[in-house]
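Colleague: Have a look at this one before I ask anything.
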Amino acid sequence: MLRQRILTAAWLAPLMLAGLFGLAGGGFAAFTGILVLLAAWEWTNLAGVTVAGRRLSLVAGLALLMALLWWLGATLATWPLWIAVAGWAINLYWVIQYPAKSDQWGSTAARLAMGLWVLLPAWVGFNVLRDTGGIWLLYVLLLVWGADIGAYFCGRAWGRRKLAPAVSPGKSWEGVAGGAAVTLLLALLFAVWQELGVTGGLGLVVVTAVVTLVSVLGDLLESMLKRFRGIKDSSNLLPGHGGVLDRIDSLTAAVPLFALLSFGML
């Protein structure tokens with residue numbers, strides 16, 4: 001398993017970096033669109049759609065919607081990001097209430113709708129951040145990775161109080177605190193590097209703290225859906241790593257919110 005993970009990472013990491021930072025405009029939108037469509041393919045399974053033809057038609061429908069947003073110029077607008085804010089507020093309620101309120105979202109139609117307000121704004125957020133320059137796209141990626149790494153090591157070392165035992169028993173409040181500490185340091189370093197000043201630096205710290213917490217929610221939401229569906233990974237598209245959603249679950253929450261909160265600041 002470890003050898004498989006290393007081999008997958010060896011070709012996946014350079015490809016992702018080249019696509020995220022070597023492309024712009026339509027090329028970048030197409031590249032991130034492919035990632036989101038792969039995640040959408042996995043989401044249809046999480047929603048309980050098992051017939052390949054129907055799954056493909058749902059993914060094709062999302063692709064057409066993305067093409068329409070691109071044509072309308074909405075991929076650089078804030079209104080799709082506000083949809084994410086409303087959607088993730090609902091997701092938070094359902095994660096907190098799991099499994100008591102699972103009847104509210106457990107139908108296939110409800111889970112498909114959930115996927116729409118998770119994946120589509122995430123794609124828009126990627127485009128908004130790329131339009132501001134690669135530095136802030138890099139920042140949100142480092143934020144999510146830093147939060148994950150800090151949470152993993154602090155959770156293993158000091159984790160006692162469970163964060164959401166019904167959804168993801170391995171996560172702890174101590175892990176969340178460790179992840180937040182890492183991203184706070186990241187925010188301070190970037191504030192100095194980008195010469196944001198005191199006001200800009202404080203703004204970045206506040207935005208970072210909020211987005212760090214929301215990124216944890218992205219992870220918990222996918223864990224909840226997988227637990228409800230009775231599966232371990234979203235797919236096996238990435239050998240040794242599970243599926244695309246397993247790699248970008250935190251980003252689907254963090255990217256649109258960071259893009260919205262930082263829209264006038266960066």
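Here is a yes/no grid of residues against (1) over 17 Å from L261 (Cα atoms); (2) among the hydrophobic types (A, V, I, L, M, F, W, C); (3) within 20 Å of the chain's Cα centre (by Cα):
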site	(1), (2), (3)
F153	yes, yes, no
A157	yes, yes, no
G178	yes, no, yes
A181	yes, yes, yes
L184	no, yes, yes
G201	no, no, no
V210	no, yes, yes
V214	no, yes, yes
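Colleague: Restricting the stretch 210-231 to residues that are buried (at least 18 other Cβ atoms within 10 Å of the Cβ) and of a type in the set (G, A, S), which is nearest to G150 (Cα to Cα)?
Modeller: If we take residues in the stretch 210-231 being buried (at least 18 other Cβ atoms within 10 Å of the Cβ) and of a type in the set (G, A, S), then S215 is nearest to G150 (Cα to Cα).
Colleague: Would you mind stating whether A77 is under 20 Å from the mean Cα position of the chain (by Cα) and surrounded by 13 or more Cβ atoms within 10 Å (Cβ to Cβ)?
Modeller: Values: under 20 Å from the mean Cα position of the chain (by Cα): yes; surrounded by 13 or more Cβ atoms within 10 Å (Cβ to Cβ): yes.
Yes: the conditions hold for A77.
Colleague: Name the residues in the stretch 38-63 that are crowded, with 19+ Cβ neighbours inside 10 Å and charged (D, E, K, R), would you?
Modeller: E42
Colleague: Under the condition of being assigned to a helix (DSSP H, G or I) and among the β-branched types (V, I, T), which residue from the stretch 42-77 is nearest to G242 (Cα to Cα)? Step through it out loud before you land on a result.
Modeller: From the stretch 42-77, those assigned to a helix (DSSP H, G or I) are 42-46, 52-72, 74-76; that's our starting set.
In the following step, the residues that additionally are among the β-branched types (V, I, T) were identified as 44, 59, 75.
Details: T44: 16, V59: 19, T75: 29 Å.
Among those that are assigned to a helix (DSSP H, G or I) and among the β-branched types (V, I, T), it is T44.
Colleague: So which residues in the stretch 22-36 are part of a helix (DSSP H, G or I) and either of a type outside the set (G, A, S) or farther than 15 Å from L138 by Cβ (or both), if there are any at all?
Modeller: Kept after step one, since they are part of a helix (DSSP H, G or I), are these residues of the stretch 22-36: 22, 25-36.
Selection gives G25, G26, G27, F28, A29, A30, F31, T32, G33, I34, L35, V36.
Colleague: Can you tell me which residue within the stretch 104-144, out of those that are among the β-branched types (V, I, T) and over 30 Å from F228 (Cβ atoms), is surrounded by the fewest Cβ atoms within 10 Å (Cβ to Cβ)? Walk me through it before giving the result.
Modeller: Residues of the stretch 104-144 that are among the β-branched types (V, I, T), as a first pass: 108, 118, 124, 128, 132, 135, 140, 144.
Keeping just the survivors that are over 30 Å from F228 (Cβ atoms) gives 128, 132, 135.
Working: V128: 26, T132: 15, I135: 13.
Restricting to residues being among the β-branched types (V, I, T) and over 30 Å from F228 (Cβ atoms), the top hit is I135.
Colleague: Kindly list the number of the only condition in (1) in a helix (DSSP H, G or I); (2) surrounded by 13 or more Cβ atoms within 10 Å (Cβ to Cβ); (3) at pLDDT 95 or above that fails for G19.
Modeller: (3)
The values are calculated or read from the model by the stated rules, or taken from the named source; none is laboratory data. Remember, it's a predicted structure, so these values are computed and weren't measured experimentally. Quick reminder, even Gly has a Cβ in these numbers, built from the backbone with ideal geometry, and neighbours come from all protein chains shown.
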